[in-house]
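Q: Got a structure here, written out as C-alpha cells. Questions coming.
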C-alpha cells in the first residue's frame, strides 16, 4: 500500500502545481494586457509578481554602457542589445532587441539614439549565473546571460540590478535599430496529465495490493 500512498501524494502535488501554473499564466497574461506601468513607480521590494508586466520608461540611452549578449530568437542566433537608459527616477538596462551574428558592438553603439526616447516593454528579472555551460566573461566583454548587476559593474553604470526591460516599442526608432518584441513566453503546463497518470497508477497499485491480499495462502 505504500506505493499507492506515494502515487496519491504525487497526484495531489501535481494538482497543486497545476493550480500554481494556471495562476502564473493568468497573472502574466493580465500584466501583458495592462496599461504600461511607469518604471519610476516600481516598488523597491521583490519584483517576482511583476515579471512580464508591461512597463514604460522615458530617458536617454548611454551608448557606452551597451553590451551584446549572445542568444537566439525566432530570427536565429545572434545578440541581444542591452543599453542603459537614464530616466528621471532611476537608470535601467533595456534589451533594445535582437541583432544577427556578425554585428559589431561599435556599430551598435554608433546607431544608438542620442536624444530622448520613450520605451514600452516587458519587465524581466536579471539572469545571474551566466548561460548554460558558459559563464559571462566581463574582462573579454563576452556575455551569455543578462546578468544586470555584473554588466552594470563592468560598465561602471549605476543601474537597478534587479531587472531589465524587453523593449516592445522604441520611439523615435530607425530602420537600423535592433529588432524588438521578440520575447518568447512559454510556460509548459502538463500537470493535469501528470496528475491523471499518478492517479491511475495509484488505482492500479491499490488493485494489485487487494488482489495479493485476497490470494489464498
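The values are calculated or read from the model by the stated rules, or taken from the named source; none is laboratory data. If you're wondering where the values come from, they're calculated on a predicted model, not measured in any experiment. Note that each Cβ is placed from the backbone with ideal geometry, even for glycine, and that neighbours are counted across all protein chains shown.
Q: Tell me whether segment 118-132 contains one or more residues that are surrounded by fewer than 15 Cβ atoms within 10 Å (Cβ to Cβ), assigned to a strand (DSSP E or B) and touching a residue at least 60 places away in the same chain (Cβ under 8 Å).
A: Yes, segment 118-132 has at least one match.
Q: I would also like to ask the following. Of all residues in segment 3-51, count the ones that are modelled with pLDDT under 80 and either assigned to a helix (DSSP H, G or I) or over 20 Å from the mean Cα position of the chain (by Cα) (or both).
A: Residues flagged as modelled with pLDDT under 80 and either assigned to a helix (DSSP H, G or I) or over 20 Å from the mean Cα position of the chain (by Cα) (or both) within segment 3-51 amount to 31.
Q: Kindly evaluate residue 207 against the criterion of being in a helix (DSSP H, G or I), modelled with pLDDT under 95 and not assigned by TED's automatic domain parsing to the domain that holds residue 84.
A: yes
Q: Can you name the residue in segment 159-176 that is part of a loop (DSSP other than H, G, I, E, B) and touching a helix residue (DSSP H, G or I) at 6+ places or on another chain (Cβ under 7 Å) and, of all such residues, is nearest to residue 112 (Cα to Cα)?
A: 159
Q: If you don't mind, another one. From the list 167, 171, pick out the single residue that is modelled with pLDDT of 70 or more, closer than 30 Å to residue 97 by Cβ and crowded, with 16+ Cβ neighbours inside 10 Å.
A: Going through 167, 171 in turn, just one is modelled with pLDDT of 70 or more, closer than 30 Å to residue 97 by Cβ and crowded, with 16+ Cβ neighbours inside 10 Å: 167.
Q: Oh, and also: Do the conditions hold for residue 144, that is, is it surrounded by 21 or more Cβ atoms within 10 Å (Cβ to Cβ) and more than 17 Å from residue 58 (Cα to Cα)?
A: no
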